[in-house]
1. From 66, 59, 24, which residue is touching a helix residue (DSSP H, G or I) at 6+ places or on another chain (Cβ under 8 Å) and either surrounded by 15 or more Cβ atoms within 10 Å (Cβ to Cβ) or free of Cβ contacts under 8 Å to residues at least 40 places away in the same chain (or both)?
2. Which number in (1) more than 14 Å from the chain's Cα centre (by Cα); (2) surrounded by 12 or more Cβ atoms within 10 Å (Cβ to Cβ) marks the one condition that residue 29 misses?
3. For residue 5, only one of the following conditions fails: (1) outside any loop (DSSP other than H, G, I, E, B); (2) surrounded by 12 or more Cβ atoms within 10 Å (Cβ to Cβ); (3) in contact with a helix residue (DSSP H, G or I) (Cβ under 9 Å, 6 or more places away or on another chain). What is its number?
4. Has the stretch 39-59 got any residue that is over 21 Å from residue 9 (Cβ atoms) and assigned to a helix (DSSP H, G or I)?
């Protein structure tokens, strides 16, 4: 895992986290609870790394749009 994650890396990692959550849901539905739990833990870890980066980018974009509207 890199020390610093840029926005594009964060978006890719969020996509991977989403896929892991979906797969975990399918596994849980199929009755494979242990594997689903492990995948959910991995997905939460990925999301925890990415979320601040994505939120900062959104806030930055909102600030730019607010400046343009004024």
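1. 24 is the lone residue from the list that is touching a helix residue (DSSP H, G or I) at 6+ places or on another chain (Cβ under 8 Å) and either surrounded by 15 or more Cβ atoms within 10 Å (Cβ to Cβ) or free of Cβ contacts under 8 Å to residues at least 40 places away in the same chain (or both).
2. (2)
3. The one condition residue 5 does not meet is (1).
4. The answer is yes, given that some residue of the stretch 39-59 is over 21 Å from residue 9 (Cβ atoms) and assigned to a helix (DSSP H, G or I).
Each reported figure results from applying straightforward, stated rules to the coordinates on display, with no laboratory input. Bear in mind the structure is a predicted one, so any value in this text is a computation, not a measurement. In this analysis, Cβ positions are derived from the backbone assuming ideal geometry, glycine residues included, and neighbour counts consider all displayed protein chains.
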